[in-house]
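See below for the structure under consideration.
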Amino acid sequence: MTYCVGVLVEEGLVMVADTRTNAGLDDISTYRKLHHFNVPGERVMMLASAGNLSITQSVLSLLQEGVPGEEGEPPQKLVEAPTMFQAAQLIGRAIRRVRSIEKDGFEAANIRFSISLLFGGQIGNGEMRLYLIYSAGNFIECSTDAPFLQIGEHKYGKPILDRAVKYTTDLYDALKVSLVSMDSTMRSNLGVGLPIDIAVARRNALTLEVNHRIEAGEGYFHDLRERWSAALRAAHRAIPRPPYGPSDK
């Protein structure tokens, strides 16, 4: 399994992704799921992936080498897209291109064509944006009312984000809450695990402010996990007992 989350707040963008992939209990590996397509001073773009690894790698290769154009147009690389919206469209085309090539083989092997992507960043003076791109190549955009998107095993971390993240949340508070969301997912699903890749881009900076991998045993993340667990236990103890059932006599 996979868990990736993107949070777009007023100050900028946070992306967090685990690195665990598995094809069964005895075939567990580590692969990067958070990728960067950056030209400092011109554009900063991040792409997080979930789904079939071979499909993801094929899509990434197309975006790096060039997606074949339509009606004789030359191939286009992701770093050449003029706007974030057109970049999201290009990613959708890359997905559909891979599907058209691999469809027959996948169907013959009874393998589901599965990929979902979080794509966020900023190009030039354009708006910083965050998209969720589906396996059909269509996509939706993050909004100020719901300033985060998730892919993969998202159900365990979503309640935390729902309660703690707003568009006005501080950028590094958004990172902290995203890591708590990741920890909650890891505790409930062994298919999600360390290392964790994180990236932070401040609005209009057009470069990555943070590009870091959290390895097993890293002090801050270990402390965050312990403090969150302790805070939950304290909150549980502080809430009054439910007034249901037989009354005490």
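With contacts defined as alpha carbon pairs under 8 Å and 6 or more residues apart, what's the relative contact order of the chain in percent?
Working: 486 pairs, mean separation 67.4, N = 249.
Result for the chain is 27 percent.
In the calculated pair-distance distribution of region 1-130, the portion above 24 angstrom amounts to 33 percent of the Cα-Cα pairs. Using θ = phi - 60° in the Karplus curve 6.51 cos²θ - 1.76 cosθ + 1.60, the 3J(HN,Hα) couplings for region 160-166 round to 5, 5, 4, 7, 10, 10, 10 Hz; x is entered for Gly and Pro.
Applying 1/(1 + (r/R0)^6) with r as the Cβ-Cβ distance of GLN86 and THR30 and R0 = 30 angstrom yields a FRET efficiency of 0.35. With R₀ set to 25 Å, the beta-carbon distance separating ALA108 from SER61 gives a calculated FRET efficiency near 0.65.
Springs between Cα atoms under 10 Å define the GNM used for the chain, and in it the highest mean-square fluctuation of PHE113, PHE139, PHE85 occurs at PHE113.
Give me the number: length gained by fully extending LEU232 to TYR244, i.e. 0.36 nm times residue separation minus the C-alpha to C-alpha distance, one decimal in nm. Intermediate results must be reported in sequence, preceding the final value.
Details: separation 12, 0.36 × 12 = 4.32 nm, distance 2.26 nm.
Result for the pair: 2.1 nm of gain on full extension.
Counting only residues at least eight positions apart within a chain, or on another chain, the lysines with an alpha carbon under 23 Å from that of LYS158 are LYS33, LYS166, LYS176. Largest GNM mean-square fluctuation across ILE101, ILE160, ILE196, computed for the chain with C-alpha springs under 10 Å, falls on ILE101. Would you please classify the overall shape of region 117-191 from the alpha carbon gyration tensor, given that a ≥ b ≥ c denote the square roots of the eigenvalues, rounded means a/c under 1.5, and beyond that prolate means a/b larger than b/c while oblate covers the rest? It comes out oblate by the Cα gyration axes.
How would you classify region 34-103 from its alpha-carbon gyration tensor, with a ≥ b ≥ c the square roots of the eigenvalues: rounded for a/c under 1.5, else prolate if a/b is greater than b/c, otherwise oblate? Spell out each step's value before the answer.
Working: a/c = 2.17, a/b = 1.19, b/c = 1.82.
Oblate shape, in that a/c is at least 1.5 and b/c is the bigger or equal ratio.
With K and R counted +1 and D and E -1, the other residues having a Cβ less than 11 Å from that of GLY12 yield a net charge of -2. Answer rounded, prolate or oblate for region 58-193, using the Cα gyration tensor with square roots of eigenvalues a ≥ b ≥ c: rounded when a/c is under 1.5, else prolate when a/b is larger than b/c, else oblate. Because a/c hits 1.5 or more and a/b fails to exceed b/c, region 58-193 counts as oblate.
Please calculate how many Å² of accessible area region 160-245 carries per residue, with a 1.4 Å probe and no DNA, RNA or ligand atoms counted. Before the final figure, lay out the partial values.
Working: 5030 Å² over 86 residues.
Accessible area per residue: 58 Å².
Loop-located GluC sites (Glu not before Pro) across region 26-100 with a Cβ neighbour count of 10 or fewer within 10 Å are GLU70, GLU71, with loop assigned by DSSP. Mean separation of Cα pairs under 8 Å and 6 or more residues apart, divided by the residue count, gives region 139-249 a relative contact order of 17 percent. Every helix of 4 or more DSSP H residues in the chain counts as -39500 (n - 2.57), and over all residues that averages to -11000 deg cm²/dmol at 222 nm.
The values are calculated or read from the model by the stated rules, or taken from the named source; none is laboratory data. Keep in mind that this is a model prediction, so the values were computed, not measured. Every residue, glycine as well, gets a Cβ built from its backbone with ideal geometry; the counts of neighbours run over all protein chains shown. Each accessible area value is taken on the protein alone, full model and side chains, heavy atoms only, with ligands, DNA and RNA left out. Shrake-Rupley method; radii C 1.70, N 1.55, O 1.52, S 1.80 Å.
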